[in-house]
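Heads up, the thing below is written out as structure tokens.
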Amino acid sequence: MHDTAHVQVGPHVPKTFIGKYIFSLDHKVIGRQYYDLALVAVLVGMFLSWLMRIHLGFPSFAIPGLHLLSQNGAPGNVMTPEYYLQLMTMHGTIMVFFVLTTAPFAAFGNFFLPIQVGAEDMPFPHFNMMSFWVTFTGFLFLVASFFVGDGPTLGGWTQYAPLSAAGSVTGPGQGLGVVLWATSIAFFCIGQLLGSLNFITTTLDMRTKGMSLWRMPLTVWAWFITSVMGLTAFAVLMPACILLILDHVAGTSFFVASNLVINDQLQPHSGGSTLLWQHLFWFFGHPEVYIAIVPAMGIVSHILPTAIRRPLLSHRVLVYSMSALAALSYMVYGHHMFVSGMNPISSIAFSFPTLIITIPATIVVLVWLGSLYGSRIRLTTPCLFAIGMISTFITGGVSGFFLAQPSLDIMLHATYFVVGHFHFVMAVSALFGIFAGTYFWFPKMYGRMMNETLGKIHFWLTFVGVYCIFMPFHYLGLAANVRRYQAFVDDYTQPLLPVHKFITVAALCTGAVQFIFLYNLIHSRFWGKPAPDNPWEGTSLEWSTATPPPLDNFGGTLPVVYHDPYQYGIEGSTGDYVMQTSPEKIQTQHDEA
Amino acid sequence: MAKLLAVTIVIIAIVSAIPILRHTWWMPEDISTHGPPIDEQMSETMAEAGISFLASQILLAYFIWRYSQPKPGEKIKSFPGGAMGLVIAAFLLVGTEVLALGAFGAKAWADLYLSPPAANAMPVQVQAGQFAFYFRYPGPDGTFGPLHPDMISEANENFFGLDTTHDQDSKDDIVTAEMAIPVNREIHLLMHSKDLGHSFFVPELRIHQDFVPGLDLSVHFTATKIGKYEIVCTQLCGLGHYNMKAYLYVKSQEDFDSWLKQQAALQ
Amino acid sequence: MATTVHEPPRNIENLDPSRLKNTGNGGGWRNLVPEADNLHSVQAYAPPPSSTAIWVVVAAISMTFAALTSALIVRRGGAVDWRHFTLPSILYVNTLVLLLSSVTLEIARRRVAAFMRGPKSGQENPARWLNATLALGLFFLAGQYLAWRQLSAQGLYLATNPSSSFFYVFTAAHGLHLLGGLAGLMRVIHKLNRRTLRRTTLDATARYWHFMDILWVYLLLLLWMKL
């Protein structure tokens, strides 16, 4: 029996509403809270993107009611240039932090990591609870910036100094807006560090009997690798944000150089380093995008075997590849800074690891593809989104090929090509991972099935829709359409305006489709068909327990694990699949790697 | 459903590729001397990326088509070579591809950024500030006068902060809001920022360089075709970022000389 | 054909059973596999989570200070406005105080095990040593504050010069984390007095405290060399 002395806080039964649903110590509740936060965030972020796209596609269109959101930002319902940038900044910040880091990692990870390794809970439930509420506070700070003085910051989610650091003199929203942004992100970092603490300790120390490292499902590996990245990345962004705040409120000059003249006034700062912010930010920033995609890779790798009824070609190769991605992610960050003014030799130096990182990413995709060979595909909705993720990840990855080369970055830096690339790999691929995970795990989380027909409609329209939206971004970028412009007034961009109109229409349509998902999510939560314990005939530990899982996950007796995950299509077994907890003896052979 | 998905994926892949193959939207014509290796790099990369993209999407589609409806009695199979074969393929194919691209690209990059300007390159200074570019030519004495940031004043149109009363070298400097250069002459562009981060991008010239407050940077290039081009700011610098641009005129030597004389008269 | 991977149990037979006890250095990350009928051979001897947790915390805090260190180096190297100043001498006293607090903590730690076994062990409550650690920690923080006063008396404030900026940022960051350590110590003392203290809690808190100590020595060297 698992040594319960190790469990710092056993399943302690909450008695009040607040203890059960608000300040819960239960990792499952915390996971659901994170999911709901991400859901609210994605709706806000998507709404912001609609406003942006309407303005870009149809600049003179007065959006009804916009002045209610911001009197200064949209007098007469027509967006001002600064308001566009403010919406853009908030869109990026909310999506990257509060959706793409929160949903696949914090939400699903919190809910399923302990269950998949056979633990009753995470070892530090108080820190876990704190991690959610600290993250949530961060979200509040960010949203608050909409309602202050001259609005949110307009410096982009990357907040390059000195635009971000020199104070309100650089533009609307650049005073209090920046301070709120930096505070929000600092809180977010702390929340994620607390989360990583729990993820790492659970993975290493709380596995049940028989759950060796190689028997952990790929989702657990993905969350573990992501936590390690988060540990190092967020711990760097946080002090950077503190220094940024100090430049604002304390008159320091970490990031603001000397002799700068803004609005004909010589600025009081001296000696700060513009590039220092970029180095600190991107040292975090690049691992951050892998933090967004690795859990989605884990989710797809986890769902595929269940859907194709055979294990992936090699468990270990996927783990090594994800680890390689994580390790390399620290060496590539300079590819965001090729023309930044850093030493051009550094640019070449950074480009090689960036090109090399293609290799583990390719291996992951090839293993997925190779696993499809000779399999038996069940095209359920989770499977559709998993396959969709593979397709969109290939697309996004291929465009990265271009951006990895400094000589091509001369033409593509800060154009829509970059925007197309990162939307494909993050906004689409990671998002498809989130969708796949949702449809897959919803039955286990809520005890009810989602509507399969609505799910399929959601997939089809979204899959075609995202290609319609984001593929043209690449064409625009090749034609040198610069990004972060609220309007296109240059001569050479005039022929591109019809493309922007097309994108806007596609974006609004695809956005509308997401309400099918939202409806499905909410309706199924209350009125969906009751779900069996193992609706997908899966093998990992979450399917061996009740639906939804009891407070201590396994109803008093921790499971014992006998097999690797993903034992499907086993010759010599009594069924098509063998669950990890089944004591049935099966023929042993070596892994194909 | 599976067949439909497979067909959809193939259609999406092909439709996506068509505008690329037809260059429907493409880089503007190269007018620089250092540009051809960059354009070649772009074509190479596009070919390799295009092949990888099409091949993998089609393979994905094929597998979905083929394995969604197994024949009765068909056993589950494994990809020949297993994962190891794929790993080796990835290392060999992708590895050589990326290293080759990296090496060739590094040369194209070095030619532009790691080579010094020619001794007789014509110096032009550009200052970026919210939300305009201003240019300065050294005038007949060939030297730029010193800059005094405390004297910068938009109101007085002293954009660079020149002290023409006390600084001899500043007296003949020519400050303009548009940039003109003679064709086929190497230009040494000296860059600094007045206030915050900006960037200098001329797509036709294949030139892209950020301004860094506190750093004096430079690039050098030679334009090969007469015409009017746009310099656009690509580093978010505030609400006027979208509108921050200047025209670049590449003129014949005679036209340039007369232009410069006209500008000098306007100082 | 689909297969399963059934790794042979690794070295379980060869392990010294006494090492299977929870010593904090257990084998949680070894591949443990039960033979179907040999469940006893797999002991749940994963290390206590608090031990792993402290390493995680150490890693994260180290990264934060590494980021600040590189900011310092870049900022110092990049501009001509850096003005060196002499570190307030009280910092050296503070360092000794902090080192001493680690010593008292270690003394306490070694005596706690005996004390927790019960009154028969003859060990009296080592809380005095923990209280001493707590007091020394507070002295350290007070001393840091005095250092700040000394600096501001010389006209060196947060924004006066980048060198002073980094001084305040580093000492404040360290001080804040030390406060966390103090909270942990108080929790340990509280539990000790009620005899509910677990060894893992004490070990984790002690490790954190020693890390704060080592971190401070590193910072002192950094500030002395660079400021």
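The values are calculated or read from the model by the stated rules, or taken from the named source; none is laboratory data. Everything quoted here is computed from the prediction, not taken from an experiment. As a convention, Cβ positions derive from the backbone with ideal geometry for all residues, glycine included, and neighbour counts pool all protein chains shown.
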Legend entry - Hits in region B:139-155 (condition: in contact with a Leu (Cβ under 9 Å, 6 or more places away or on another chain) and either within 14 Å of chain A (Cβ to nearest Cβ) or exposed (fewer than 14 other Cβ atoms within 10 Å of the Cβ) (or both)): B:P146, B:L147, B:H148, B:P149, B:D150, B:M151, B:I152
Legend entry - Filter result for C:T23 (more than 30 Å from A:T252 (Cβ to Cβ) and either touching a strand residue (DSSP E or B) at 6+ places or on another chain (Cβ under 8 Å) or modelled with pLDDT of 65 or more (or both)): no
Inset, instruction - Would you please name the residue that is farthest from the other protein chains (Cβ to nearest Cβ), looking only at residues in region B:205-220 that are in contact (Cβ under 8 Å) with a residue 40 or more places away in the chain and surrounded by 22 or more Cβ atoms within 10 Å (Cβ to Cβ)? - result: B:L205
Inset, instruction - Tell me, yes or no, whether region A:25-46 has at least one residue that is outside any helix (DSSP H, G or I), of a type outside the set (F, W, Y) and either within 30 Å of C:G180 (Cβ to Cβ) or modelled with pLDDT of 95 or more (or both). - result: yes
Inset, instruction - Could you please let me know if B:A100 is facing chain A (nearest Cβ under 10 Å), surrounded by 20 or more Cβ atoms within 10 Å (Cβ to Cβ) and either touching a residue at least 60 places away in the same chain (Cβ under 8 Å) or out of contact with any strand residue (DSSP E or B) (no Cβ under 6 Å at 6 or more places or on another chain) (or both)? - result: no
Inset, instruction - Determine whether region A:337-357 contains at least one residue that is in contact with a helix residue (DSSP H, G or I) (Cβ under 6 Å, 6 or more places away or on another chain), under 22 Å from B:Q57 (Cα atoms) and at the interface with chain B (Cβ under 7 Å from one of its Cβ atoms). - result: yes
Inset, instruction - State whether one or more residues within region A:164-185 are assigned to a helix (DSSP H, G or I), of a type in the set (V, I, T) and at pLDDT below 95. - result: yes
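One residue is enough: does region A:296-309 have a residue meeting the conditions charged (D, E, K, R) and buried (at least 24 other Cβ atoms within 10 Å of the Cβ)?
Residues of region A:296-309 charged (D, E, K, R): A:309.
Among the residues that remain, those that are also buried (at least 24 other Cβ atoms within 10 Å of the Cβ) are: none.
No.
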Legend entry - Which numbered condition A:P498 fails, given (1) of a type outside the set (A, V, I, L, M, F, W, C); (2) free of Cβ contacts under 8 Å to residues at least 40 places away in the same chain; (3) outside any helix (DSSP H, G or I): (3)
Legend entry - Single residue of region C:66-84 satisfying the filter (touching a residue at least 12 places away in the same chain (Cβ under 8 Å) and more than 8 Å from chain A (Cβ to nearest Cβ)) that is surrounded by the most Cβ atoms within 10 Å (Cβ to Cβ): C:L72
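Kindly indicate whether any position in region B:73-85 is at the interface with chain A (Cβ under 7 Å from one of its Cβ atoms) and surrounded by fewer than 16 Cβ atoms within 10 Å (Cβ to Cβ). I'd like the intermediate steps shown before the answer.
Pass one, region B:73-85, residues at the interface with chain A (Cβ under 7 Å from one of its Cβ atoms): B:76-79, B:82-84.
Filter once more, keeping what is surrounded by fewer than 16 Cβ atoms within 10 Å (Cβ to Cβ): B:77, B:84.
Yes: region B:73-85 contains one or more residues that are at the interface with chain A (Cβ under 7 Å from one of its Cβ atoms) and surrounded by fewer than 16 Cβ atoms within 10 Å (Cβ to Cβ).
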Inset, instruction - Kindly provide the set of residues from region B:240-267 that are within 14 Å of chain A (Cβ to nearest Cβ) and part of a strand (DSSP E or B), ordered by number. - result: B:K245, B:A246, B:Y247, B:L248, B:Y249
Legend entry - So A:V489, is it β-branched (V, I, T), under 25 Å from the mean Cα position of the chain (by Cα) and within 12 Å of another protein chain (Cβ to nearest Cβ): no
Inset, instruction - May I ask you to list the residues in region A:213-229 that are modelled with pLDDT of 95 or more and assigned to a helix (DSSP H, G or I)? - result: A:L218, A:T219, A:V220, A:W221, A:A222, A:W223, A:F224, A:I225, A:T226, A:S227, A:V228, A:M229
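One line per residue, one yes/no per condition, for (1) under 16 Å from the mean Cα position of the chain (by Cα); (2) part of a loop (DSSP other than H, G, I, E, B); (3) not assigned by TED's automatic domain parsing to the domain that holds C:L221:
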{"site": "C:S62", "(1), (2), (3)": "yes, no, no"}
{"site": "C:A67", "(1), (2), (3)": "no, no, no"}
{"site": "C:V93", "(1), (2), (3)": "no, no, no"}
{"site": "C:Q123", "(1), (2), (3)": "no, yes, no"}
{"site": "C:F140", "(1), (2), (3)": "yes, no, no"}
{"site": "C:G155", "(1), (2), (3)": "no, yes, no"}
Inset, instruction - Keeping to region A:511-562, report how many residues are surrounded by fewer than 18 Cβ atoms within 10 Å (Cβ to Cβ), of a type in the set (G, A, S) and part of a loop (DSSP other than H, G, I, E, B). - result: 3
Legend entry - Residue in region C:97-115 that is in a loop (DSSP other than H, G, I, E, B), surrounded by fewer than 13 Cβ atoms within 10 Å (Cβ to Cβ) and either without any contact (Cβ under 8 Å) to a residue 60 or more places away in the chain or β-branched (V, I, T) (or both) present: no
Inset, instruction - Could you please find all residues in region B:240-267 being free of Cβ contacts under 8 Å to residues at least 12 places away in the same chain and crowded, with 16+ Cβ neighbours inside 10 Å? - result: B:Y242
Inset, instruction - Could you pull out the residue among A:S407, A:S375 that is in contact with a Phe, Trp or Tyr (Cβ under 9 Å, 6 or more places away or on another chain), at the interface with another protein chain (Cβ under 7 Å from one of its Cβ atoms) and either farther than 30 Å from B:E40 by Cα or surrounded by fewer than 24 Cβ atoms within 10 Å (Cβ to Cβ) (or both)? - result: A:S375
Inset, instruction - Just one of (1) among the charged types (D, E, K, R); (2) at the interface with chain A (Cβ under 7 Å from one of its Cβ atoms); (3) under 30 Å from A:V169 (Cβ atoms) trips up B:R136, so point out which. - result: (2)
Inset, instruction - Restrict the check to region A:321-334 and report whether at least one residue is assigned to a helix (DSSP H, G or I), of a type in the set (F, W, Y) and touching a residue at least 40 places away in the same chain (Cβ under 8 Å). - result: yes
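Do we have any residue at all in region A:352-366 that's aromatic (F, W, Y) and touching a residue at least 40 places away in the same chain (Cβ under 8 Å)? Don't jump to the end; show me each part of the working.
In the first step, residues of region A:352-366 are kept if they are aromatic (F, W, Y); the result is A:352.
Okay, now just the ones that are also touching a residue at least 40 places away in the same chain (Cβ under 8 Å), so none.
No, region A:352-366 contains no residue that is aromatic (F, W, Y) and touching a residue at least 40 places away in the same chain (Cβ under 8 Å).
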Legend entry - Members of region B:223-239 that are over 15 Å from the mean Cα position of the chain (by Cα) and more than 10 Å from chain A (Cβ to nearest Cβ): B:T224, B:K225, B:I226, B:G227
Inset, instruction - Please work out which residue is surrounded by the most Cβ atoms within 10 Å (Cβ to Cβ), limiting yourself to region A:235-257 and to residues that are more than 19 Å from C:I73 (Cβ to Cβ) and at pLDDT below 95. - result: A:H248
Inset, instruction - Inspect all residues belonging to region A:379-391 and state whether any of them is at pLDDT below 95, touching a Leu at 6+ places or on another chain (Cβ under 8 Å) and surrounded by fewer than 23 Cβ atoms within 10 Å (Cβ to Cβ). - result: yes
Inset, instruction - Return yes when A:D150 is closer than 30 Å to A:N110 by Cβ and among the acidic types (D, E) and no when it is not. - result: no
